[in-house]
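Worksheet: one structure, shown below.
The values are calculated or read from the model by the stated rules, or taken from the named source; none is laboratory data. Here the structure is a predicted model, which is why all the values come from computation and not from measurement. Positions of Cβ are backbone-derived with ideal geometry, glycine not excepted, and every protein chain shown enters the neighbour counts. Keep in mind that these areas ignore ligands, DNA and RNA; they rest on the heavy atoms of the full protein, side chains included. Shrake-Rupley method; radii C 1.70, N 1.55, O 1.52, S 1.80 Å.
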Amino acid sequence: MSDYAIKTVNLTKRYSGLWSKTPVEAVKKLNLEVHRGEIFGFLGPNGAGKTTTIKVLLGIIYPTEGEAYVLGKPAGDPSNHYNLSYLPENPYFYDYMTGEEILTFYARLFGIPEPDRTKRVRELLDRVGLSRAANQPIRTYSKGMQQRIGLAQCLLNDPQLLILDEPTAGLDPIAHIDIRDMILDLRAQGKTLFISSHQLSDVERVCDRVAILNRGEMVKLGKLEELLSGGHVELIAEKVNEGVLEPIRNLGGRASLHDGRLIVEQPDDGTIDRVIDLVRSSGGHVISVKPYRRTLEDLFVETIQGGNRQ
Amino acid sequence: MNATFALAGATFGEAIRKRILLVILLAALVILLISPAFEPFAGRGQRTLVISFGFGIIQLAGTFIAIIMCTGLIPTEIERRTIYTILSKPVQRYQFVLGKLLGAIATLGFVYLTMGLMFLLITRWTLGEFDPKIVQGLIMFFFQSSLLAAVTLFFSTFVSPLVNYFLSGGVFLMGNLMSTFLDTIQRNPEVTPLTRIPVQILTVLLPNFANFNIQNPIINPEQVLTDEVAYLVQTIAYAVIYMVLLLVASILIFNQREM
Ligand SMILES: Nc1ncnc2c1ncn2[C@@H]1O[C@H](COP(=O)(O)OP(=O)(O)OP(=O)(O)O)[C@@H](O)[C@H]1O
Ligand SMILES: [Mg+2]
């Protein structure tokens, strides 16, 4: 059990509304295993059940059925909370406090004594680039600055596990890169990161494994390279005569020819060499060969749409 | 314990910045300040008027501030999701509730201190004397409001703020009137036990807010309480015990709560 940073067994969460008769099944029989030291992407569209799962892991809500373990202990175990931290989606803080005051407040919740507390708070303000705004009320912070304060409060306790809910939501591209770099930095320190997101471009680059959740159910799980394998290669050639179209199509790709201009979309399985040979031997002239890797975005859309069509 | 005090401090810091509470406090201070101007209308002498009017204003402000502040303490934290970062730290739910109550009491302490100082200045100025009984009265009202705060905080763990206004307001009114009502009923021989017993039960269960209204002996000094100090200590002990019970109940409910 303790090999996993997070493990859930048939985790189910139903919200039984006080007024609505039909309960919402936000998470259905979810089995998650997040290894220590990995960056795990927890993906899914709005309403998939990501935040619900995270809240169960933190003990803010309780499972209806099944079990959840965090760092080898049952979810919500208070002693766990010294070793993990959490950045909520769109975090909001006591906004009358200054950046320094809010971090001091959280440091006190962790029981960090003086003089370590002041030192740690200063360090972190510096690390997230907020030293100059340290004495400004959070009310005056931009969204990006608030997110940085959110990250800083996550690092106060030097946690083993960080649970980040939509860490880049609403941030500009530069802030995205900052946060992504910080995430990579944390992995280099051996931390486990559990990141929920539907913004794929950033996560794509840093996650070791991802799970895709849809309507409370896990629809895909795996190493990123495996899930993203199976892209295609596009070839464009000119002065191609019609005779080669048939043999090229027989190689399994899609090919079209207009006025001697050939466009081939070939599976990324090595057969592109033979396409090139055919074009050349018929006197054609290859203009470009370009690989298209599958993006996480593609996978995401395919998986979710496939699931919803059933 | 550090976490509890940190939470209490944050609660206090936020409460004293709340505009509605500041408006009530300011209004009370202004009314206290201009109250000597009503002097010409004094019927039973200046002393009665200044003191009972002042106490009335202070109690009213304290009551409104206690209810308005405490209906929101926990629901606001949930609504704007500040509670998530707090409960994901090594903070137990009982510490959270305790911190909220301590913060509310500290806020009431601040409110009573400012109103009380103003009141003492006014009475010193208009009556030309410093009456220590006024301090006793202020302390009683402070405990009354603190008990009311605990009642409101208790309700806030399971009802919405709007419902809570009515519930807490209702409990405060009933708690003020029940003992007098029971007295009247008991003196009336025509009242059957079927009516009397439920009233008796309610009187015991509801917090007795009337205990704290000791302004009568202050307004009429001739009317002496048999053992004043004992009465004060008893009443404060009553408030503290009742608050602890409410706190325990609040924590039990809040522990089950999902957010
Ligand atoms: N407190 C609640 N009471 C009732 N239903 C809820 C509650 N919280 C969430 N839900 C429902 O549970 C489902 C999952 O919600 P959840 O917030 O976990 O989704 P999410 O994956 O985090 O989505 P998003 O990307 O929009 O943040 C939704 O259908 C939502 O309406
Ligand atoms: Mg969410």
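Condition check ((1) within 17 Å of residue A:92 (Cβ to Cβ); (2) outside the structural domain of residue A:88 (by TED's automatic domain parsing); (3) open to solvent by less than 10 Å² (accessible area, probe 1.4 Å); (4) assigned to a loop (DSSP other than H, G, I, E, B)) across all residues:
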residue: A:107; (1), (2), (3), (4): no, no, yes, no
residue: A:112; (1), (2), (3), (4): no, no, no, yes
residue: A:121; (1), (2), (3), (4): no, no, yes, no
residue: A:132; (1), (2), (3), (4): no, no, no, no
residue: A:144; (1), (2), (3), (4): yes, no, no, no
residue: A:174; (1), (2), (3), (4): no, no, no, no
residue: A:177; (1), (2), (3), (4): no, no, no, no
residue: A:180; (1), (2), (3), (4): no, no, no, no
Within region A:226-285, can you find the residues that are part of a loop (DSSP other than H, G, I, E, B), open to solvent by less than 20 Å² (accessible area, probe 1.4 Å) and touching a residue at least 60 places away in the same chain (Cβ under 8 Å)? A:231
Can you work out which of the residues in region A:67-96 that are part of a strand (DSSP E or B) and of a type in the set (Gly, Ala, Ser) is farthest from the other protein chains (Cβ to nearest Cβ)? A:68
Within region A:207-215, can one find any residue that is within 29 Å of residue A:15 (Cα to Cα), within 16 Å of ligand 2 (Cβ to nearest atom) and open to solvent by 70 Å² or more (accessible area, probe 1.4 Å)? yes
Report yes if some residue within region A:32-44 is within 13 Å of another protein chain (Cβ to nearest Cβ) and either assigned to a loop (DSSP other than H, G, I, E, B) or touching a Cys at 6+ places or on another chain (Cβ under 9 Å) (or both); otherwise report no. no
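So that you can scan it fast, the table gives a plain yes or no per residue for (1) open to solvent by less than 10 Å² (accessible area, probe 1.4 Å); (2) more than 16 Å from the chain's Cα centre (by Cα); (3) within 14 Å of chain A (Cβ to nearest Cβ):
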position	(1), (2), (3)
B:76	no, yes, yes
B:80	no, yes, yes
B:89	yes, yes, yes
B:94	no, yes, yes
B:108	yes, no, no
Is it the case, given these coordinates, that residue B:66 is surrounded by 22 or more Cβ atoms within 10 Å (Cβ to Cβ), within 14 Å of another protein chain (Cβ to nearest Cβ) and modelled with pLDDT of 85 or more? no
If we scan region A:46-66, do we find a residue that is within 14 Å of chain B (Cβ to nearest Cβ), more than 15 Å from ligand 1 (Cβ to nearest atom) and among the hydrophobic types (A, V, I, L, M, F, W, C)? no
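Yes/no matrix, rows are residues, columns are (1) within 18 Å of residue B:237 (Cα to Cα); (2) not β-branched (Val, Ile, Thr):
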residue	(1), (2)
B:181	no, yes
B:187	no, yes
B:191	no, no
B:202	no, yes
B:209	yes, yes
B:212	yes, yes
